[in-house]
Amino acid sequence: MGRFLSWLGSILVTLLGLMMLTFFIGRMLPIDPVAAIIGDQADQATYLMVKHQLGLDRSVPVQFLFYLRDMLHGDLGEALFTGHRVADDLAHVFPATVELASLAIVIGAGIGVPLGVVAAVWKGSWIDQLARVVGLLGFSSPAFWLGLLGLMLFYATLGWVGGPGRLDISFMDEVEPVTGLMLVDSALQGEWEVFDNAWRHIILPASILGFAAMAYISRMTRSFMLDQLSQEYIVAARAKGLSQGRVVMRHAFGNILVQLVTVIALAYAFLLEGAVLTETVFAWPGFGHYLTAGLLAGDMNAVLSCVLIVGIIFIALNQLADFLYRRLDPRTR
């Protein structure tokens, strides 16, 4: 019980610190939310009235207390540039980002982990050199440039994939939202034409995001595997006559699973909050696109809420990684 209370307390303190940080940074930014609403031509009386309605005429500590009260009630305020509640907006756009990031992490981990293992086992070979070059390209290639290049080649020239957005206009409103994940909802409802169209639209941006994740995951997997393959227990296992596959997969790879959980969890978190450029290039109606629109409109309610959600995502995935640690490695329990 004491350990649970300690864990819960650390989570609550972290969330409180995150809310304080996001709130006070938002108040220090050179953006006037009142001017963003009424424009530069409004008179002073209108400016003061709107400022009072928003509660910005109170002291900053009092504003934070009201902000904290609203957060505890799940009230993220109203998005000034959409006219809707921020919580409703996020509930509408976030599933699109979850779908995109989830497919991207499947691509990134599905290719990156085997590539890193093979590169470590055959260190110095052409496979290892290829893996390192691919990793370097994944780290150094800007996402917006890859997105534009991919659209020009695979959409405009070859016609292999769909264009910007989640669906073609002709397929809009064909599927009743259940989970918000277009591939899942269309499959559950047997709308296979919609599923095919959604797949054609998501595969290119997911592959571009997955390429960056794959570069990071493959590089870390290679590093972890090289460290394990140099250990004495690996030499002993080989001396006993165990096969190469058993030594690599059962012993070396089994001992890096805990580290890989952290790497993949962090990569997934970065995909959820770092898809801003990709979503902008592909007009993907997700979290990153919403955050960009809020920044351009000077809407601090939307921006601060998005930053808070990003922090919660990282906290949640770190806690999930800790839970998986204890499942995979009894020594950490």
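Which condition number does residue 54 fail, the rest of (1) closer than 20 Å to residue 309 by Cβ; (2) buried (at least 17 other Cβ atoms within 10 Å of the Cβ) being met?
(1)
When the stretch 159-168 is examined, which residues are found to be touching a residue at least 12 places away in the same chain (Cβ under 8 Å) and either among the basic types (Lys, Arg) or on the phi > 0 side of the Ramachandran plot (or both)?
165, 166
Residues in the stretch 12-53 that are modelled with pLDDT under 75 and not in a helix (DSSP H, G or I): how many?
8
So how many residues does the stretch 217-234 have that are closer than 30 Å to residue 271 by Cα and of a type in the set (Gly, Ala, Ser)?
2
Each row is one residue, and each column tells you yes or no for (1) closer than 24 Å to residue 78 by Cα; (2) surrounded by 24 or more Cβ atoms within 10 Å (Cβ to Cβ).
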| position | (1), (2) |
| --- | --- |
| 226 | no, no |
| 231 | no, no |
| 236 | no, no |
| 286 | yes, yes |
| 292 | yes, no |
| 310 | yes, no |
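Within the stretch 152-172, is there a residue that is under 17 Å from residue 282 (Cβ atoms), touching a helix residue (DSSP H, G or I) at 6+ places or on another chain (Cβ under 9 Å) and among the basic types (Lys, Arg)?
Here is the first cut: in the stretch 152-172, the ones under 17 Å from residue 282 (Cβ atoms) are 152-169, 171-172.
Now restrict to residues that are touching a helix residue (DSSP H, G or I) at 6+ places or on another chain (Cβ under 9 Å): 154-155, 160-168, 171.
Among the residues that remain, those that are also among the basic types (Lys, Arg) are: 166.
Yes - at least one qualifying residue is present in the stretch 152-172.
Restricting to the stretch 92-139, give me the number of residues that are aromatic (Phe, Trp, Tyr) and farther than 18 Å from residue 270 by Cα. First the steps, then the outcome.
Initial filter on the stretch 92-139 (aromatic (Phe, Trp, Tyr)): 94, 122, 126, 139.
Remaining after also requiring farther than 18 Å from residue 270 by Cα: 122, 126.
So the count comes out to 2.
Taking residue 254 as the residue in question, decide whether it is surrounded by fewer than 14 Cβ atoms within 10 Å (Cβ to Cβ) and of a type outside the set (A, V, I, L, M, F, W, C). Write out each step before concluding.
Working: surrounded by fewer than 14 Cβ atoms within 10 Å (Cβ to Cβ): yes; of a type outside the set (A, V, I, L, M, F, W, C): yes.
Here the answer is yes, as residue 254 does meet what is asked.
May I ask you to list the residues in the stretch 169-208 that are part of a loop (DSSP other than H, G, I, E, B), in contact (Cβ under 8 Å) with a residue 24 or more places away in the chain and closer than 29 Å to residue 153 by Cβ?
Once the filter is applied, which keeps residues that are part of a loop (DSSP other than H, G, I, E, B), in contact (Cβ under 8 Å) with a residue 24 or more places away in the chain and closer than 29 Å to residue 153 by Cβ, the stretch 169-208 yields only 181.
Checking the conditions here, which among 128, 168 is surrounded by 12 or more Cβ atoms within 10 Å (Cβ to Cβ), under 21 Å from residue 99 (Cα atoms), assigned by TED's automatic domain parsing to the domain that holds residue 96 and among the charged types (D, E, K, R)?
The conditions single out 168.
The values are calculated or read from the model by the stated rules, or taken from the named source; none is laboratory data. Quantities reported herein were computed from a predicted structural model and do not represent experimental measurements. Methodologically, a virtual Cβ is constructed for each residue, glycine included, from the backbone with ideal geometry; neighbour enumeration extends over all protein chains shown.
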